[in-house]
Amino acid sequence: MNYLTDMAHSLFKRIGSLQGGRSLWAAQSGTALIEFAAMLPVFLLIIFGTYEMHRYVSANHKLETAAFQLVDMVTNQRSVTNASLDRLMESADLMISPFSPTGMRIIITSIVKPNDAEPVAVWQRVRPSGATGSRIATGAGSQADIPLALEDRDQILAIEIFYPYKTTFGIGIDDAFLESEDVYKLALTRPRYGTLVDEP
């Protein structure tokens, strides 16, 4: 009789310990689930933030490369026409791939410094037609503001690219953390052949 009683007590103890273990596991899993739910937004922010930063740096690199390639191609010409400039500016669409060229503005300005006078813009060519907002000169005949010193009779060609960068979710960079919505790139080079002073 005592033997059976001892077995019964032992069985009840095992059942109790098993139920306690299940309760402990349930409590721990519930805590882990709450912690995961709390940390998930942080993990997503890190993942998407890293992706967007890489994408923004890549866009900047492509736009800067496009600006310098364009100014190099133009200044390698002995003379230019509106048609040749338009073809060169169209090539920028491929240079910035896979980013969309929609909204991109390109402004080419030929600048000369007359004797004992401030630099002036001799001519400008823009894409798309009617694009404005040059930070170099407001148009042909206007004073040119460039970040370098020119000697008398020097000439230089400026390429400006304005690109309305958007994040993957369509938010403008001014809505996020940058001051200006347009990514701006400037490239300056002296003509290699000829002067490129004459209006195309």
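Does Ala67 satisfy being surrounded by fewer than 12 Cβ atoms within 10 Å (Cβ to Cβ) and either in a loop (DSSP other than H, G, I, E, B) or of a type outside the set (Lys, Arg) (or both)? So Ala67 fails the test. If you filter region 92-101 down to residues that are part of a loop (DSSP other than H, G, I, E, B) and touching a residue at least 40 places away in the same chain (Cβ under 8 Å), you find that the one that is farthest from Thr138 (Cα to Cα) is Phe99. For region 136-163, a residue qualifies if it is part of a strand (DSSP E or B) and hydrophobic (A, V, I, L, M, F, W, C), and the qualifying residues are Ile156, Leu157, Ala158, Ile159, Ile161, Phe162. Residues that are in contact (Cβ under 8 Å) with a residue 40 or more places away in the chain, of a type in the set (A, V, I, L, M) and in a helix (DSSP H, G or I) within region 75-91 comprise just one, Leu85. Among residues of region 51-74 that are without any contact (Cβ under 8 Å) to a residue 60 or more places away in the chain, those with a beta-carbon under 9 Å from a residue that is part of a helix (DSSP H, G or I) at least six positions away or on a different chain give the pairs Lys62/Met95; Thr65/Met95; Gln69/Ala92; Gln69/Met95; Met73/Leu88.
Give region 161-182 a look and list any residue that's at pLDDT 90 or above and either out of contact with any helix residue (DSSP H, G or I) (no Cβ under 8 Å at 6 or more places or on another chain) or closer than 13 Å to Ile111 by Cα (or both), or say none.
Across region 161-182, the qualifying residues are Phe162, Pro164.
The values are calculated or read from the model by the stated rules, or taken from the named source; none is laboratory data. The shown structure was predicted, so the numbers you read here are calculated from the model rather than taken from an experiment. Please note: Cβ atoms are built from the backbone with ideal geometry, for glycine as well, and neighbour counts cover all protein chains shown.
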